[in-house]
């Protein structure tokens, strides 16, 4: 098995809610719950809720506290929650470009050029399955096709 620990660049952001059971889910920036009077006026982080939506990184913590500072891997190799039993028509194979599902899990990119491709798979996952895989977060962005 590949070693991935400490092979990513991370930032620390406050969570917009509890992160219980959301470790390794895909996250984006949000202004929800922002502390406009404090030092974190830029907002917080929350799980990506739109298929193919912008993905900032991967949640590394598993806190049950709201507003907890959480580590987010933004570049490099990380574990990623992947698969979607209802919205994953293709298997994930080595090198598959990845986008977010509507529940913050990595799924294979389709030909939709508006989808935000956040990285590529380094481990496989069968169609319709859910698991934690290893991925390279490299922010290919939008406008790329398979």
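Nothing in this text is a laboratory measurement; each read-out follows from the coordinates by a stated rule. Everything quoted here is computed from the prediction, not taken from an experiment. A quick note on method: Cβ atoms are made from the backbone with ideal geometry, for glycine too, and the neighbour counts reach across all protein chains shown.
Test of understanding: what is the full-extension gain from residue 91 to residue 126, defined as 0.36 nm times their sequence separation minus their Cα-Cα distance? Each step should come with its number before you reach the end.
On the way: separation 35, 0.36 × 35 = 12.60 nm, distance 0.47 nm.
Result: 12.1 nm gained on full extension.
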Computed curve, the range 78-141, Cα-only Debye sum without solvent term, log₁₀ I(q)/I(0) at 0.24, 0.27 Å⁻¹, is -0.94, -1.22
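Which order, highest average first, do 44-51, 127-134 follow once you tally other Cβ atoms within 10 Å for each residue and take the mean per peptide? Present the calculation step by step, with values, prior to reporting the outcome.
Values: 44-51: 20.0, 127-134: 15.6.
So the order, starting with the most tightly packed, is 44-51, 127-134.
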